Amino acid sequence: MASTDTVITPVPRSNENRSTTPNSDVFKSYISSQWADRTDAVPTAREQAPFAAARRARLSALYPGQRLVIPAGRLKQRSNDTDYAFRAHSAFAHLTGWGADAEPGAVLVLEPTAAGHEATLYFREAAGRDSDEFYANAEIGEFWIGPRPSIEQVSADLGLAVRGIAELESVLRSVDSETLVVRGADPEFTEEVDEARLRFAADKVLSMNASDSPFSLEVNAEHDPDKQLARDLSELRLVKDSYEIEQMRLAVAATGRGFDDVISDLPRSSTHQRGERLVEGVFNTRARVDGNAVGYDTIAASGPHACILHWTRNDGPVVPGDMILLDAGVELDSYYTADITRTLPVNGSFSEVQRRVYDAVLEAADAAFAVVRPGIVFREVHAAAMAVIARRTAEWGMLPVTAEEALQPENGHHRRYMVHGTSHHLGLDVHDCAQARREMYMDGVIEAGMVFTIEPGLYFQSDDLTVPAEYRGIGVRIEDDIVVTADGAENLSAAIPRTAADVETWIATLTS
């Protein structure tokens, strides 16, 4: 096994070549003394703690007798000794309730018991001021990043048993072949779990045939049991609990305020050669003020850039007479994110052709929403939108066949103008539940409590000779966030103007 100094408690990056950190004995003695007593208040359990406990219980029931290891992940290097902002793995956040305040390197372990599992969170607690970590460790030292919570504080806050990170070594020593780990969260720690499983298998094979073990020295390099764990963790999130749905409401509301901010700033952004960057910056400011960050890179795609589905370079102008497609979402401190798109005429008014395209996309969105109810298959939402897209593009003379022919599975001519899907699940990840099986996702039956997007679009590339010239360079997407109810659905983002007339009024109100 590699030293736990580098896996469980990583050694900080060296900065000896440029360090001016004092290290004399006199300094060490002086800096560790004459500090006021600190009383670390123990909080009450956070709102999501009982919901996280219920999620752990559901997971426990799926894996009786197996140890489950869910790392938060650790800091990822951006350049030299600077890191990206830390974001814990979504499965970890879902099962602990720890979001934007989660500590890098933490690990949740579900230890099997006769009654199910005992959950324990391991994290690197703060060192005392008699430790050089306090002032010399730029990654975790209090002088550098601020105080970190105590074991007692985290335990009370999350309603979980919590231990220091050093005790995680005993978990590694106990790993057997049936221990499962979320592989993508912390590759270095996962490697330690892999090695421990292989050692267990090797020890076992010395006295008996271990070929029936899920992990062995010779086979299963793809770690299928780990993949099943990732799948089940995704599928646990398909139906949201009441806490999650309320977080989605809050995320959508914050995103709506961000869209207001962008529109209010259009007179400024439309005069700058990199106006898309100004749009992005204005929205991202709202995300940081009202939440943790953006849930994904903001798409501020003006003019022909709107035809590029994931345009995040955002370095073009915002030209009056064009439309700007803004696809953006605020991620809350709980990590739940909205995902909203509106396409806005920069000068406040749609041209005749722009409005024609916009109304067709809105018609497709409304058709998709109209079919949503418990009991239908998820892909039916997409089919409803595509029927409109095929009909309208056929009417405009863009298809070499009729709409009905285009909709045949072997054809799909209309998809040239909308190659993406109409809906995806939404929650902790912008594309939530991504490891779920197809029969649970695309071919799954919709249930009350599911949250997903409806986001049809039409994208007519500037050089697409199949469309009339007046349509070229126009891209429109309208995206809303939907929660399925007992007898239908609710559009969580309905308060953000959607119709062409309401969008024009919205812009006029905020820019006048």
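The values are calculated or read from the model by the stated rules, or taken from the named source; none is laboratory data. All values derive from a computational prediction rather than experimental measurement. So basically every Cβ, Gly included, is an ideal-geometry build from the backbone, and we count neighbours across all protein chains shown. Side chains are part of the model used for accessible areas, which takes the heavy atoms of the whole protein and leaves out ligands, DNA and RNA. Shrake-Rupley method; radii C 1.70, N 1.55, O 1.52, S 1.80 Å.
Where the second residue is assigned to a loop (DSSP other than H, G, I, E, B) and not polar (S, T, N, Q) and the first is free of Cβ contacts under 8 Å to residues at least 40 places away in the same chain and lies in the stretch 125-145, which pairs have Cβ atoms under 6 Å and are six or more apart or on separate chains?
Between residues of the stretch 125-145 that are free of Cβ contacts under 8 Å to residues at least 40 places away in the same chain and residues that are assigned to a loop (DSSP other than H, G, I, E, B) and not polar (S, T, N, Q), the close pairs are Ala126/Arg148; Glu133/Ala127; Glu133/Gly141; Trp144/Ala138.
Kindly indicate whether Leu59 is assigned to a strand (DSSP E or B), in contact (Cβ under 8 Å) with a residue 12 or more places away in the chain and within 24 Å of Thr337 (Cβ to Cβ).
Here the answer is no, as Leu59 does not meet what is asked.
Within the stretch 370-428, which residues are surrounded by 20 or more Cβ atoms within 10 Å (Cβ to Cβ), of a type in the set (A, V, I, L, M, F, W, C) and part of a helix (DSSP H, G or I)?
Selection gives Val381, Ala384, Ala385, Met386, Val388, Ile389, Ala390, Ala394, Ala406.
Within the bounds of the stretch 242-253, is there any residue that is open to solvent by 10 Å² or more (accessible area, probe 1.4 Å) and modelled with pLDDT under 90?
no
Say we look at the stretch 81-105 and pick out the residues that are in contact with a Phe, Trp or Tyr (Cβ under 9 Å, 6 or more places away or on another chain) and free of Cβ contacts under 8 Å to residues at least 40 places away in the same chain; which of these is farthest from Cys433 (Cα to Cα)?
Pro104
Consider only pairs whose beta carbons are under 6 Å apart and that are at least six residues apart or on different chains; among these, list those whose first residue lies in the stretch 355-379 and is under 17 Å from Val483 (Cβ atoms) and whose second residue is open to solvent by 70 Å² or more (accessible area, probe 1.4 Å) and assigned to a loop (DSSP other than H, G, I, E, B).
Pairs found: Pro374/Glu447.
Restricting attention to the stretch 447-491, which residues are among the charged types (D, E, K, R) and either surrounded by fewer than 18 Cβ atoms within 10 Å (Cβ to Cβ) or assigned to a loop (DSSP other than H, G, I, E, B) (or both)?
The answer is Glu447, Glu455, Asp463, Asp464, Glu470, Arg472, Asp487, Glu490.
Just to be sure before I move on: is Glu280 of a type in the set (D, E, K, R) and either part of a strand (DSSP E or B) or touching a Gly at 6+ places or on another chain (Cβ under 9 Å) (or both) in the structure I sent?
no
For Arg415, work out the one condition from (1) of a type in the set (Lys, Arg); (2) touching a strand residue (DSSP E or B) at 6+ places or on another chain (Cβ under 9 Å); (3) over 30 Å from Tyr335 (Cα atoms) it doesn't fulfil.
The number of the failed condition is (2).
Would you confirm, using the coordinates I've provided, whether Ala494 is over 18 Å from Asp241 (Cβ atoms), free of Cβ contacts under 8 Å to residues at least 60 places away in the same chain and open to solvent by 10 Å² or more (accessible area, probe 1.4 Å)?
Yes: the conditions hold for Ala494.
Considering only residues that are exposed (fewer than 12 other Cβ atoms within 10 Å of the Cβ) and not aromatic (Phe, Trp, Tyr), look in the stretch 65-92 and name the one that is nearest to Leu168 (Cα to Cα).
Gly65
Restricting to the stretch 174-207, what's the tally of residues that are open to solvent by less than 20 Å² (accessible area, probe 1.4 Å), assigned to a helix (DSSP H, G or I) and in contact (Cβ under 8 Å) with a residue 24 or more places away in the chain?
Summing the residues that are open to solvent by less than 20 Å² (accessible area, probe 1.4 Å), assigned to a helix (DSSP H, G or I) and in contact (Cβ under 8 Å) with a residue 24 or more places away in the chain in the stretch 174-207 gives 6.
Restricting to the stretch 309-367, name every residue that is of a type outside the set (Ser, Thr, Tyr), part of a strand (DSSP E or B) and either within 26 Å of Val239 (Cβ to Cβ) or open to solvent by less than 20 Å² (accessible area, probe 1.4 Å) (or both).
Met323, Ile324, Leu325, Leu326, Asp327, Ala328, Val330, Glu331, Ile340, Arg342, Leu344, Pro345
Quick check on the stretch 220-230. Is at least one of its residues of a type in the set (A, V, I, L, M) and at pLDDT below 95?
Within the stretch 220-230, one or more residues are of a type in the set (A, V, I, L, M) and at pLDDT below 95.
Does the stretch 62-79 hold any residues that are outside any loop (DSSP other than H, G, I, E, B) and among the small types (Gly, Ala, Ser), and which are they?
Ser79 - this is the single residue of the stretch 62-79 that is outside any loop (DSSP other than H, G, I, E, B) and among the small types (Gly, Ala, Ser).
Determine the pairs where a residue that is at pLDDT 95 or above, located within the stretch 403-422, has a partner that is part of a helix (DSSP H, G or I) and exposed (fewer than 14 other Cβ atoms within 10 Å of the Cβ) with Cβ atoms under 9 Å apart, the partner being 6 or more residues away or on another chain.
Within 9 Å, the pairs are Ala403/Glu395.
Touching a Ser or Thr at 6+ places or on another chain (Cβ under 6 Å), under 28 Å from Ser242 (Cβ atoms) and not acidic (Asp, Glu): which single residue out of His382, His431, His414 fits that description?
His382
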